[in-house]
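Structure, as structure tokens:
The values are calculated or read from the model by the stated rules, or taken from the named source; none is laboratory data. Just so it is clear, the model here is predicted, and its values are computed rather than measured. Cβ: placed from backbone, ideal geometry, glycine included. Neighbour counts: every protein chain shown.
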Amino acid sequence: MGRDLATVIVLKSGYARWEGYASQKACGSITLVKSHLNCLVDLGLPENIDFVILTHSDIDHIGNLNLFPQATFIGGNDVITGDHFKEFFKDKYQVDENIQVMHTPGHDNRSVSVLVKTAKGIVAVTGDIFKVDKSINLL
């Protein structure tokens, strides 16, 4: 793979299924973004990960942070490495020339999305970008 542009690999597809009032089964997607730096969006494997990007703070998206002791974390508008809060960004944060994190409130006020330049164009990794009222019939 040429390192001029990034690649996006969905390691695990997520899901959310309502089981009744206020009960659901849910598991977030795990996406690997490979560029000059390697970014994991909503967690996964710990080896050689430079950044972990949390699209929002729901528990199905933030488990196992302790497995990435060397990574820089981006969550909400914060950028942190270890116990060092490195930066607070208002609208966007540039990870490298191919990876940008944008503040995209919607699912919650601190949601972010990841924009990745790839050979196929721009790929957006969004997490839970919107909520759907349970009463809406999607079919």
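Brief remarks on what is shown
- All positions within region 62-74 that are modelled with pLDDT of 75 or more and out of contact with any Ser or Thr (no Cβ under 7 Å at 6 or more places or on another chain): Leu65, Asn66, Leu67, Phe68, Pro69, Gln70, Ala71, Phe73, Ile74
- Against the test of being modelled with pLDDT under 85 and either of a type in the set (D, E, K, R) or in contact with a Gly (Cβ under 8 Å, 6 or more places away or on another chain) (or both), the options Ile136, Ile129, Ile59 yield a single qualifying residue, Ile129.
- Of the numbered criteria (1) under 22 Å from Ala119 (Cβ atoms); (2) at pLDDT 75 or above; (3) surrounded by fewer than 14 Cβ atoms within 10 Å (Cβ to Cβ), the one Asn48 fails is (2).
- Within region 74-122, being surrounded by fewer than 16 Cβ atoms within 10 Å (Cβ to Cβ), part of a strand (DSSP E or B) and in contact (Cβ under 8 Å) with a residue 60 or more places away in the chain holds for Asp96, Thr118.
- Matching residues, region 82-99, being more than 15 Å from Asn38 (Cα to Cα) and of a type outside the set (Asp, Glu): Gly82, His84, Phe85, Lys86, Phe88, Phe89, Lys90, Lys92, Tyr93
- Filter result for the condition that a residue is among the hydroxyl-bearing types (Ser, Thr, Tyr) and under 14 Å from Leu40 (Cβ atoms), over Thr104, Thr72: Thr72
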